[in-house]
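Okay, here's the structure, questions in a sec.
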Amino acid sequence: MKEHFQLTVADIFKRKHFEQAMVIAGNGDIQRTVKWVHVVEVTSIRNLLNGQELILSTGVAWKDNVELFVSMVKEFIENNAAGLCLEIGTYLSEVPDEVIAMANEHQFPIIIFQKEVPFVEITQDIHSVIINQQYQKISDLENYSQSLNKRLLTIETYEDILQFIFSALDVLIIFKMKNQDYEFVPEINLREQDSIIHQLEGSKTQASDYIASAPIFLFGQEYAELFIYSKDIPISEYDLLILDRTATAIAQHLLRDLYVEEKKRVEEFEWLHGWLEGEHSLDDIHEYLAENGMKAKTNDAVVLITKQIPIKERVSQDVTYLKLLFRSVFEQNGFAVFFVEKRNEITFILLNHRTKKNLKERIKTAIESIQDSDFIRRPSSSKIIIAAGKFIHSVSDVHKSYRTAKETLRIQQKMTNRQIYHFYEDLHLYRLISQMSKHTDLKELSSEYLQPVIQYDQKYNGKLLETLKAYLECSGSKQETSNKLFIVRQTLYHRLQKLENLLGEDFMEHEKRVAIEFMLLVHDYLSAPQVGEANQAR
């Protein structure tokens, strides 16, 4: 390391009034850091020390009590004092053997003055050194920050920043992007790398004075981590401040790179839109993927559409950062991401890079992570709808997944007051209802079966429709139905009798029962408010 701005007990011996001073105990640890000087002439100081103070004393409070003397030195040691300086001659004639033995056991420096010394001058002298060092630390830190900020305007890669912090601290710099290997500045051999990586992993559970790290967050997620490693000298506060500022600079640089990269992708819109519409051949698609550094054998894919429903006037930057958020989260979950933006919709093409065994679960995890992000959850954020199409096994079938993703989105918007289904394959009968609604008057068809029950509920508030749904969901079990509705058996029997009167005694026979269950789904689908209406209601 270059400069640590740390005054040690050993440095104190170079100061005025310490020419004749002598270390009588704890000589092996005179490199202790001194952060302040404290004059102590009392019998207890446990609550007055913050650690690393050099204690000056004449010993007047302990001169006739060896036990009290030992107790005071024990307090100094427990409170991590830097050392004890005693004036011999005025009140103390010698330091008890018990005190020296304790100090040696804990490597706690005890220094004696053979004659009277001016504690005020010593305090002023050492404090001036400490204050000047602190001022120099702040000055150097400011110079470092200004130089780093200037370099950020011209540097091309984050490796330049790593070289810059190495030049400032002269310690080993380690950098790790999430899901990537460790990088070392300067380069070291593989054997040393393995040893240091093992120490880095250990420092996560047990703190080390020779290792410090700073996480680098982008969009509320840890994107990378920066480490400094010192082989021989403990890491100082100054080193930690430099580390923190450098981590911030790297985050800014990475964010700038991501933003510039995102801007370039706008030029790809036309090609990607053609891909979604099925206009490109398989060879063209593989060629495009190869140009983007992806293996031609990447086949498993899915199209995901996200739609923003503005709650307040949308900030112009929202879309750009939303795209960055989606890209970052899905890439961390094993997908290559392409997208097309159109009005308030963003269509993402997700190409799977891992085993397809847990494909759906990884997409679920990513969606949950996005929905829990600070960017999405902030009060001014737009409402986000996320819809995934069918999973495909050839990149030439992306248009099929796109078509079904649009259908999923359409059903989601229709079913805003029901359970959210993100995946096309989870919609089941709602897919059939959606298709039928384009060609058939489902309202009239639903009324044919359910109108008597609906009219009865409207007139008498009989809760028959609710009872019918529960009874069918419980497969005709009266006990389960009464438990689900929190009603007594007699009330259920009364309602079931009413349903028989309105629907016919055969309403639980197979074919009629299936038709009624289907019409209940149709009723839910038709009675759900549209997204725009739901927003206005808010």
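Size of the dipole of the chain about the Cα centre, Lys and Arg at +1 and Asp and Glu at -1 on the beta carbon, nothing else charged, in debye to 20?
Dipole magnitude for the chain comes out near 2700 debye.
Any idea how far apart residue 279 and residue 493 come out in nm if each label point goes 7 Å out from Cα toward Cβ?
Taking the simple label geometry, residue 279 and residue 493 are separated by 6.9 nm.
Another question, then. Given a 1.4 Å probe and heavy atoms of the protein chains only, how would you sort 166, 184, largest accessible area at the top?
166, 184
Each residue of the stretch 335-349 in order: what ³J(HN,Hα) in whole Hz does its phi give by Karplus 6.51 cos²θ - 1.76 cosθ + 1.60, θ = phi - 60°, with x for Gly and Pro?
10, 8, 10, 10, 8, 10, 9, 8, 6, 9, 10, 10, 9, 10, 9
For the stretch 1-80, compute the orientation-averaged projected area of the C-alpha convex hull (one quarter of its surface), in nm².
Mean orientational projected area (the stretch 1-80, Cα hull): 6.3 nm².
Using the charge dipole of the chain (Lys, Arg: +1 at Cβ; Asp, Glu: -1 at Cβ; taken about the Cα centre), state which of 324, 260, 20 has its Cα farthest towards the positive end.
Value computed over the given set: 324.
Now for a separate question. Can you list residues whose amide H is under 5 Å from residue 212's amide H, if they're 5+ apart or on another chain and H is modeled 1.01 Å from N?
228
Within 12 Å, Cβ to Cβ, of residue 370, how many net charges do the neighbouring residues add up to if Lys/Arg are +1 and Asp/Glu are -1?
Net charge in that neighbourhood comes out at +1.
If you take the beta carbon distance between residue 429 and residue 141 as r and set R0 to 60 Å, what does 1/(1 + (r/R0)^6) give as a FRET efficiency, to the nearest 0.05?
0.40
Now for a separate question. Taking Rg and Dmax of the Cα atoms in Å straight from the coordinates, which label in (1) 29.9, 97; (2) 29.0, 126; (3) 36.8, 114 is the correct one?
(3)
Using the per-residue mean of other Cβ atoms lying within 10 Å as a proxy for protection, in what order, highest first, do the peptides 512-521, 167-176 fall?
Ranking the peptides 512-521, 167-176 by packing returns 167-176, 512-521.
Would you please classify the overall shape of the stretch 129-274 from the alpha carbon gyration tensor, given that a ≥ b ≥ c denote the square roots of the eigenvalues, rounded means a/c under 1.5, and beyond that prolate means a/b larger than b/c while oblate covers the rest?
Verdict is oblate for the stretch 129-274.
Now for a different question. If I stretch the segment between residue 71 and residue 134 completely, what's the gain in nm (0.36 nm per residue apart, minus their alpha carbon distance), one decimal?
19.4 nm
If R0 is 41 Å, what FRET efficiency do you get for residue 31 and residue 374 from their C-beta distance, rounded to 0.05?
The calculated FRET efficiency here is 0.40.
Continuing with the same structure: Relative to the present Cα-Cα distance, how much length would full extension add between residue 527 and residue 97 at 0.36 nm per residue of separation?
Extra length from residue 527 to residue 97 when fully extended: 145.7 nm.
Under 5 Å between amide hydrogens, which residues at least 5 positions from residue 300 or on another chain qualify, with H placed 1.01 Å from N in the peptide plane?
352
Still on this structure, I have one more. Loop only per DSSP, at most 13 neighbouring Cβ atoms within 10 Å: give me the trypsin sites (Lys or Arg not before Pro) in the stretch 192-245, ordered by residue number.
204, 231
Determine the share of the stretch 22-92's accessible area contributed by carbon and sulfur atoms, expressed in whole percent, with a 1.4 angstrom probe.
Summing carbon and sulfur atoms, their accessible area is 47 percent of the total for the stretch 22-92.
Which value in deg cm²/dmol, rounded to the nearest 500, describes the helix-derived mean residue ellipticity at 222 nm for the chain, given -39,500 (n - 2.57) per DSSP H run of n ≥ 4 and division by the residue count?
-16000 deg cm²/dmol
So if R0 is 51 Å, what FRET efficiency would residue 116 and residue 199 give, r being the distance between their Cβ atoms, rounded to the nearest 0.05?
Using R0 = 51 Å, I get an efficiency of 0.55.
Using 0.36 nm per residue of separation minus the Cα-Cα distance, give me the extension gain between residue 180 and residue 268 in nm, one decimal.
Taking 0.36 nm per residue and subtracting the Cα distance, the gain is 29.0 nm.
In addition: With both partners inside the chain, how many of the DSSP beta bridges are antiparallel, as a percent to the nearest 5?
75
What whole-number value in Å² describes the accessible area per residue of the chain for a 1.4 Å probe?
54
Label 7 Å along Cα→Cβ of residue 46; the stretch 77-95 residues with amide nitrogen under 18 Å?
Counting backbone N atoms under 18 Å from the label point, the list is 77-81.
Under 11 Å from the Cβ of residue 350, count the other residues' Cβ atoms, weight Lys and Arg +1, Asp and Glu -1, and hand me the total.
So the surrounding residues net to 0.
Run the accessible area of the stretch 124-241 with a 1.4 Å probe and give the carbon-and-sulfur part as a rounded percent.
Roughly 49 percent of what the probe reaches on the stretch 124-241 is carbon or sulfur.
Another question, then. Checking understanding here: applying a Kyte-Doolittle mean of at least -1.0 and a length along the axis of at least 15 Å (C-alpha), which whole DSSP H helices in the chain pass?
66-78, 119-152, 158-169, 190-203, 237-265, 318-332, 359-371, 442-460, 489-503, 510-527
Answer with one residue from 49, 461, 429: the one whose Cα lies farthest towards the positive end of the charge dipole of the chain, charges on Cβ with Lys, Arg +1 and Asp, Glu -1.
461
Additional query: Around residue 153, what is the net charge, scoring Lys/Arg as +1 and Asp/Glu as -1 over all other residues with Cβ under 12 Å from its Cβ?
Its environment carries a net charge of +1.
Note down the relative contact order for the chain as a percent, whole number, built from C-alpha pairs under 8 angstrom at least six residues apart.
Taking the mean separation of contacting Cα pairs over the length of the chain, I get 9 percent.
Mind checking which lysines have their Cα closer than 17 Å to the Cα of residue 295? Skip sequence neighbours fewer than 8 apart in that chain.
356
The values are calculated or read from the model by the stated rules, or taken from the named source; none is laboratory data. Nothing here was measured: the structure is a model prediction, and the numbers come from that model. Glycine gets a Cβ as well: all are built from the backbone with ideal geometry, and neighbour counts include every protein chain shown. What goes into the accessible areas is simple: the full protein's heavy atoms, side chains included, and nothing from ligands, DNA or RNA. Shrake-Rupley method; radii C 1.70, N 1.55, O 1.52, S 1.80 Å.
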